[in-house]
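See structure below.
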Amino acid sequence: MSINDINGPAAFLDRDGVLNQAVVRHGKPYPPASVEEMQILPGVRDALDRLKAAGYRLVVVTNQPDVARGLQRRETVEAINAALMARLPLDEFRVCYHDDADRCACRKPQPGLLLQQPAYHLAGSVMIGDRWRDIEAGRRARVRAAVLIDYGYDERQVEPDARVGSLSLAVDWILKLPAKGP
């Protein structure tokens, strides 16, 4: 039995646009600037409870490049994460603070955040995000399914396994997947 089998499957979740409302400017999503600006999206708590009941570990995987760019403080990102952790049934946060120029393995679309320890059973895991980087990271990590919450952002697209309008609809789709054999 490998370490991936020990930890079971995960639902890897992007943060901004999946759990909390993204701030959209000129067709592009941005994170909230503060805990006070952070708003959990409708239906998120129920959707996460359903994933948890189905046996998924809830792992947030989020790029926060504004820290590297000097536009956001790491303490603010961590305060937003702590507020989400306190209000939602999340198991873990994995954060990449780098910008594209850093060429790190953890910045989505690279799969590094999904592959960090503790490892999860990737063939049974899912990735849920609102941007092409999330879908591509899921593909590169070889998760079972990558689901896009489609807000029609003005950016490049990667074809997901499913395209939905909310986390709740993503969970509906995931829970209908046929049982996966050994």
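Values as computed for the structure displayed
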| item | result |
| --- | --- |
| Helices (runs of 4 or more DSSP H) wholly inside the range 1-96 containing at least 2 residues that are more than 28 Å from Arg144 (Cα to Cα) and at pLDDT 95 or above | 74-87 |
| Lone unmet requirement of (1) in contact with a helix residue (DSSP H, G or I) (Cβ under 9 Å, 6 or more places away or on another chain); (2) closer than 24 Å to Gly27 by Cα for Leu115 | (2) |
| Qualifying positions in the range 85-143 - touching a residue at least 24 places away in the same chain (Cβ under 8 Å) and in contact with a His (Cβ under 9 Å, 6 or more places away or on another chain) | Arg107 |
| Scan of the range 108-165 for residues that are aromatic (Phe, Trp, Tyr), surrounded by fewer than 20 Cβ atoms within 10 Å (Cβ to Cβ) and part of a loop (DSSP other than H, G, I, E, B), ordered by number | Tyr151, Tyr153 |
| Selected residue [within 13 Å of the chain's Cα centre (by Cα), closer than 26 Å to Ala54 by Cα and not charged (D, E, K, R)] from Leu167, Leu88, Leu122 | Leu167 |
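The values are calculated or read from the model by the stated rules, or taken from the named source; none is laboratory data. Fair warning: this is a prediction, and the values are worked out from it, not measured in the lab. Here the Cβ is made from the backbone with ideal geometry for all residues, glycine too, and neighbour counts use every protein chain on show.
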